[in-house]
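The values are calculated or read from the model by the stated rules, or taken from the named source; none is laboratory data. Predicted model, so just to flag it, every value in this text is computed and none were measured. Note that we place each Cβ from the backbone using ideal geometry, even for glycine, and neighbour counts take in every protein chain shown. All accessible areas refer to the heavy atoms of the entire protein, side chains included, with ligands and DNA or RNA removed. Shrake-Rupley method; radii C 1.70, N 1.55, O 1.52, S 1.80 Å.
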Amino acid sequence: MNKRLVSIDILRGLVIVIMLIDHTRERFFLHHQVADPMDIDTTDPALFFTRLLAHFCAPIFVFLTGLSAFLYQNPINKPARNVQSFLLKRGAFLVLLEITLVNFSWFAAYNTLYLQVMWAIGVSMIALAALSYLPRLWLLGLGLAIVFGHNALSPVTFLANETGYTLWAILHDRGYLISDGLVKVKASYPVLPWIGVITLGYVCGPLFTQSVAAAVRQKALVVGGIACLVTLCILRSLNLYGESLDFAVQNTLVLSIMSFLNYTKYPPSLPFLLFTLGIGALMLAYFENAQSKVSNVLRTFGSVPLFFYIVHLYVLLVTYFVLLHLFGPTPGLAGVAGFELGFSHLAWIWLTAAVLTGLLYKLCKMFSDFKHSSNTWWVKYL
């Protein structure tokens, strides 16, 4: 496969493994709660930086979703395909997965339906299906306007009983869409910024066509990544715009770095996106020439992202109940399903994630081989 496409799978695989680490933390370390944004006064640095790693997952994955949509639309030496149908079907499928398999794996004991990252990606894909009819220059302007401008909308708020509340909770503010009744529904991932990110990913698609030389593509990615990080440093050091949590020099260097990197995720602030997408662009350029056993493993994970996502949630769920059965509840934790057992040290999170990564690699390798040799229609959705 062409290196330009391999680099996409490798980067996607890397953020998938990071996601596994963070979800292991959520499953076994939730009694050490991490506020979001993270409170540098109460969060241990090791836990802070472990959680910080997870910030890369959603932005890079959403950006690569837009990029992959363009490549699907424009296959090599073949007529252009209908990307609108592709995005609509897969976006709706992701939303369906969010409200069924994903929610059940996390919140089976509760009466709240949380609309999180799969929901946000699905809605963003549906939105891109409509926007993709626009000229590329218009899409670039729209994507930049959303990413750079959505923080200016923060003063706009609606009360739960006001017209516009539901739409605004979905687009920009986290909130309950249904707060009473047998089942509550909460929009946890405001989708407007993610629509901007997926649009920019789609706009960058032509960089990854065969007509663009590797050196040109890598230079564009490096320049773009550096531009994001320089803009971040200017905005963040001067507290100019985009972040509700101001940066301030602290008593120690580590705390000062934590303050600088403490970005709002819900919705993702401009500094949050500049930081994650800037580094993501640099990694995408680097991975085009990556050749190692590690990069091959990451490529395998990245080639079956949805399969990995669903399977890892249930592997974590089964692992939790197996350990709970073997060792019993952890003294001092609340007796609620999903919160009865917790690890005593963060190192156990990393060790558990490493073991599960090895287990999941075997499963993903088998499914990847099956996927590439099968013409079954439903396999394409995974």
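Using θ = phi - 60° and the Karplus form 6.51 cos²θ - 1.76 cosθ + 1.60, what ³J(HN,Hα) does each residue of the stretch 205-212 get, whole Hz, x for Gly and Pro?
Per-residue couplings from phi come out as x, x, 4, 9, 7, 5, 6, 9 Hz.
If a paramagnetic tag sat 7 Å from the Cα of Leu159 along the Cα-Cβ line, which residues of the stretch 179-203 would have the backbone N under 19 Å from that point?
179-180
What helices does the chain hold that run 20 Å or longer along their axis, going by alpha-carbon atoms, with a Kyte-Doolittle average of -0.5 or more, using DSSP H for the helix calls?
3-28, 57-73, 83-97, 117-131, 214-238, 270-287, 305-327, 346-373
Just to confirm, what accessible area per residue do you get for the stretch 283-371 at 1.4 Å probe, in whole Å²?
53 Å²
Placing +1 on the Cβ of each Lys and Arg and -1 on the Cβ of each Asp and Glu in the chain, which of Pro79, Val311, Cys204 has its Cα farthest towards the positive end of the resulting dipole?
Result: Pro79.
Quote the convex hull volume per residue of the stretch 1-153, based on C-alpha atoms, as a whole number of Å³.
Each residue corresponds to 163 Å³ of Cα convex hull volume.
Please list, in chain and number order, the residues 5+ apart from Thr112 or on another chain whose amide H is under 5 Å from its amide H, with Hs placed from the backbone.
So Thr112 has HN proximity to Lys184.
Given R₀ = 30 Å, what would the calculated FRET efficiency be for Val216 paired with Tyr133, taking r from the Cβ atoms and rounding to 0.05?
Efficiency at R0 = 30 Å is approximately 0.60.
With every protein chain kept in place and ligands, DNA and RNA left out, what is the accessible area per residue of the stretch 1-73? Probe 1.4 Å, answer in Å².
Value returned for the stretch 1-73: 31 Å² of accessible area per residue.
Hey, any idea what % of the chain's accessible area is carbon plus sulfur with a 1.4 Å probe?
On the way: 12160 of 17960 Å².
Of all accessible area on the chain, carbon and sulfur atoms account for 68 percent.
With the other protein chains left in place, how much accessible area per residue, in square angstrom, belongs to the stretch 140-181 at a 1.4 angstrom probe?
60 Å²
Can you list residues from other chains, or at least 5 along the same chain, whose modelled amide H is less than 5 Å from the amide H of Leu177?
Counting only residues 5 or more places away or on other chains, the set is Val185, Lys186, Ala187.
Given 0.36 nm per residue, what is the gain on full extension from Ser256 to Leu238 after removing their alpha carbon distance, in nm? Intermediate results must be reported in sequence, preceding the final value.
Working: separation 18, 0.36 × 18 = 6.48 nm, distance 1.40 nm.
Here the answer is 5.1 nm.
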